[in-house]
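Values in this text are rule-based calculations from the coordinates and carry no lab data. On a predicted model such as this, the values are computed, not experimentally measured, just so you know. Note that we place each Cβ from the backbone using ideal geometry, even for glycine, and neighbour counts take in every protein chain shown.
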Amino acid sequence: MAEVLSVPRSIAEIYGLLYISPAPLRFADIEQRLALSKGSVSEGLRFLKDHGMVQAERAKGSRAETWSVTPSLAAALADLLRRRLQPALEKTTGELASLQAEAAGAGLPDEVRERLAKLSRWNTRALELMPLLLARPPS
């Protein structure tokens, strides 16, 4: 899944480690167990936290932060797709419209114009389905 979403492997490894861990882990534990640099762990945890996939906790009286996964993997993945896929589809809408206009003006073969029209319809349908497929679960 990480590869499909163009998420770096180190981020997927961090999430996987936290997911299978029976208890929250400290930053240093993650760094050591995965043999990752501090920068990679920091970037990975920030990405996962920003996408609602992990959470940081501090025990009372402790300065040490521990990390664990959030309760709903489905909600976190839907949010990640919503943040990555929807903007790409929205951007593509305008680009496809421009390409269709150029193709019509350039006298390109009907087959090319039909393919662009089909891509545009797929893009539109994907945008229409996004709210249904990635609806936020009721709280």
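Put simply, the amide H of VAL54, placed in the peptide plane, has neighbours under 5 Å in LYS49, THR70, leaving out anything fewer than 5 places away on its chain. For the chain, the mean residue ellipticity at 222 nm estimated from helices alone is -22000 deg cm²/dmol, where every DSSP H run of n ≥ 4 contributes -39500 (n - 2.57) and the total is divided by all residues, rounded to the nearest 500. Helix 73-106 and the long axis of the chain differ in direction by around 20°, with both axes built from C-alpha atoms.
Between the entries [x] 170; [y] 116; [z] 141, the label attached to volume of the Cα convex hull per residue in Å³ calculated for this structure is [z]. Is region 73-133 rounded, prolate or oblate when judged by the Cα gyration tensor, a ≥ b ≥ c being the square roots of its eigenvalues, rounded requiring a/c under 1.5 and prolate requiring a/b larger than b/c? Prolate is the answer for region 73-133, as a/c is 1.5 or above and a/b outweighs b/c. Here the calculated FRET efficiency for ARG121 and THR70, from their Cβ-Cβ distance with R0 = 30 Å, stands at 0.25, rounded to the nearest 0.05.
What aspartates and glutamates does LYS38 reach when the alpha-carbon gap must be under 16 Å and sequence neighbours fewer than 8 apart in one chain are set aside? The qualifying aspartates and glutamates are GLU13, ASP29, GLU65.
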